[in-house]
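Engineer: Handing you this structure, nothing more for now.
The values are calculated or read from the model by the stated rules, or taken from the named source; none is laboratory data. Because the structure is a prediction, the values reported are computed rather than measured. For neighbour counting, all protein chains shown are included, and Cβ atoms are generated from backbone atoms with ideal geometry for every residue, glycine included. For the accessible areas, the whole protein counts, side chains as well, though only heavy atoms, and no ligand, DNA or RNA atoms are used. Shrake-Rupley method; radii C 1.70, N 1.55, O 1.52, S 1.80 Å.
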Amino acid sequence: MKHAWLVFHRGDVETERLQCEQEGKEIGELAGEFDRLSAADLADPREQAAFGELMDRAAELPVRARFPYVEPSDLQGILAERRAAVMATAPSRLAAAELEDRVYGAWLGRCAGCLLGKPVEGWRRPAMWGLLKESGRWPLSDYFRWSATPAEVRERHGMREHAAWGDRVDSMPEDDDTNYTTVGLALMRRCGPAFTPEDVADFWLGNLPILHTCTAERVAYRNLVNEVPPPASATVRNPYREWIGAQIRADFFGYAAPGDPAKAAALAWRDACISHVKNGIYGEMWAAAMVSAAFTATSPRACIEAGLGEIPARSRLAEALRETLGWFDSGVAYDEAVERLHRAWDETRGHDWCHTISNAVVVAIALLWGEGDFGATVCRAVQPCFDTDCNGATAGSVMGALLGRATLPTAWTGVLNDTLHTGVAGYHTVRLADMTRHTLAVIERVAALG
């Protein structure tokens, strides 16, 4: 049984150990304490304290010799490690009407992709794939619908009647993925394009309730309350420091700098560094740069390449994304790409299910094998499982910016009725048309700053 008041749970011990190993740290003499705490009852305050002390000691471990990756967390270090040969070109100007259409499309696409994955978030393949196949709806090609699923199938796979099924909503329900997009807008409206990581922290504390945060964000929030400032707020006792949380916060920074991936990535770094390190930061920078590139790019692949140009070339994330591009170029089929992903990352393990890299690969697969079709892309972002609403939202955002509102199928956007609900103060129920208008005003401020 989980206790809501606990800071960490037993599975977090395994997460911290895996995280250290993947960062290239030698566990060495700490292995015995990791083993002991993996079997301990963390409801015991003494064991909570012991785990905290273990994380403090692990944070001091050096990276082993010959570790093949170079993964700084500071912005200057990241910029120095980019691969210049694939960096995006200078931004292009869009006519006002086209820019509005693409911004609107990005908001709609993000909401539609998020809504597709929302009711099955946390489902693993046996449940989701079983439901689709037993309902005669395999492969996924539309919203999950309560009425389209036979009663016995609903019961067998535990479908909850009041979840956000496509035929049970008339707007975009609140979700952390769209909360953070809204936070990005609200932050930049308040603080302008020169906002700092400290501004992000202050905004969270004043406008985002802590129970609307999860994993790395909740750890960072707790650190901030305890007067641990950024960027230390990302590193103090944070086993989730490379999880997907920053990547899902990326999109508004891409909207704010359309056609300028480098600027979008730099904005995203200021947000990411308060809660994440290394590949956790790179995920947000990559996604923001992709969304930015989508406003002027000619293909989803070009967006992926633009994002790759803004992260360290010798990082684990860059390696995984280049490998995914290689699969596509060599003619690997979509189903085989998904199977390779699952061989590399175990969806039954929380760390793998929620990691930045596993989910970034899902998004890249969707964008490549979706072949420019909005519906196919968001479905191919959700069908592999992992963090379904996050990946549907990111893929939908890129495609919405790439295609524009006028091109998005009403079968996907109509159910939203232009309405978004959030947990962000001042934005509890908003029209996407208004969010577009506010975004355009932010874009003008960013452009004026140069």
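Engineer: Being under 20 Å from PRO229 (Cα atoms), touching a residue at least 24 places away in the same chain (Cβ under 8 Å), aliphatic (A, V, I, L, M) and outside any helix (DSSP H, G or I), is that true of even one residue in region 173-196?
Structural biologist: Looking through region 173-196, at least one residue is under 20 Å from PRO229 (Cα atoms), touching a residue at least 24 places away in the same chain (Cβ under 8 Å), aliphatic (A, V, I, L, M) and outside any helix (DSSP H, G or I).
Residue-by-condition table, conditions (1) modelled with pLDDT of 95 or more; (2) under 30 Å from ARG314 (Cα atoms); (3) out of contact with any strand residue (DSSP E or B) (no Cβ under 8 Å at 6 or more places or on another chain):
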| residue | (1), (2), (3) |
| --- | --- |
| GLU60 | yes, yes, yes |
| GLN76 | yes, yes, yes |
| ALA84 | no, yes, yes |
| SER92 | no, yes, yes |
| LEU99 | yes, no, yes |
| VAL103 | yes, no, yes |
| CYS111 | yes, no, no |
| ARG124 | yes, no, yes |
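Engineer: In region 211-219, is there at least one residue being open to solvent by less than 10 Å² (accessible area, probe 1.4 Å), modelled with pLDDT under 95 and either in a loop (DSSP other than H, G, I, E, B) or hydroxyl-bearing (Ser, Thr, Tyr) (or both)?
Structural biologist: Yes; the residues of region 211-219 include at least one that is open to solvent by less than 10 Å² (accessible area, probe 1.4 Å), modelled with pLDDT under 95 and either in a loop (DSSP other than H, G, I, E, B) or hydroxyl-bearing (Ser, Thr, Tyr) (or both).
Engineer: Give the residues of region 307-342 that are of a type in the set (Asp, Glu) and under 19 Å from the mean Cα position of the chain (by Cα), sorted by residue number.
Structural biologist: Once the filter is applied, which keeps residues that are of a type in the set (Asp, Glu) and under 19 Å from the mean Cα position of the chain (by Cα), region 307-342 yields GLU310, GLU319.
Engineer: Would you mention how many residues in region 397-442 are under 15 Å from ALA186 (Cα atoms), part of a helix (DSSP H, G or I) and open to solvent by 20 Å² or more (accessible area, probe 1.4 Å)? Spell out the reasoning first.
Structural biologist: Initial filter on region 397-442 (under 15 Å from ALA186 (Cα atoms)): 420-432, 434-442.
Next cut, part of a helix (DSSP H, G or I) only: 432, 434-442.
Adding the requirement that they be open to solvent by 20 Å² or more (accessible area, probe 1.4 Å) leaves 434, 437-438, 440-441.
The total comes to 5.
Engineer: What's the total number of residues in region 220-253 that are polar (S, T, N, Q), touching a residue at least 40 places away in the same chain (Cβ under 8 Å) and assigned to a helix (DSSP H, G or I)?
Structural biologist: Going through region 220-253 one residue at a time, the tally reaches 2.
Engineer: Of all residues in region 222-257, which are crowded, with 24+ Cβ neighbours inside 10 Å, basic (Lys, Arg) and more than 17 Å from the chain's Cα centre (by Cα)?
Structural biologist: None - no residue of region 222-257 is crowded, with 24+ Cβ neighbours inside 10 Å, basic (Lys, Arg) and more than 17 Å from the chain's Cα centre (by Cα), so the list stays empty.
Engineer: Please verify whether region 147-157 includes one or more residues that are in contact with a Cys (Cβ under 8 Å, 6 or more places away or on another chain), touching a residue at least 12 places away in the same chain (Cβ under 8 Å) and of a type in the set (Gly, Ala, Ser).
Structural biologist: No, there is no match, as no residue in region 147-157 is in contact with a Cys (Cβ under 8 Å, 6 or more places away or on another chain), touching a residue at least 12 places away in the same chain (Cβ under 8 Å) and of a type in the set (Gly, Ala, Ser).
Engineer: If we scan region 175-194, do we find a residue that is open to solvent by 30 Å² or more (accessible area, probe 1.4 Å), within 21 Å of GLY122 (Cα to Cα) and touching a His at 6+ places or on another chain (Cβ under 9 Å)?
Structural biologist: Initially, region 175-194 is screened for residues open to solvent by 30 Å² or more (accessible area, probe 1.4 Å), giving 176, 189-191, 194.
Adding the requirement that they be within 21 Å of GLY122 (Cα to Cα) leaves 176.
The next check asks that each one be touching a His at 6+ places or on another chain (Cβ under 9 Å); those that pass are 176.
Yes, that holds for at least one residue.
Engineer: Which one of these does GLY32 not meet: (1) of a type in the set (Gly, Ala, Ser); (2) without any contact (Cβ under 8 Å) to a residue 12 or more places away in the chain; (3) within 21 Å of LEU317 (Cβ to Cβ)?
Structural biologist: Result: GLY32 passes all but (3).
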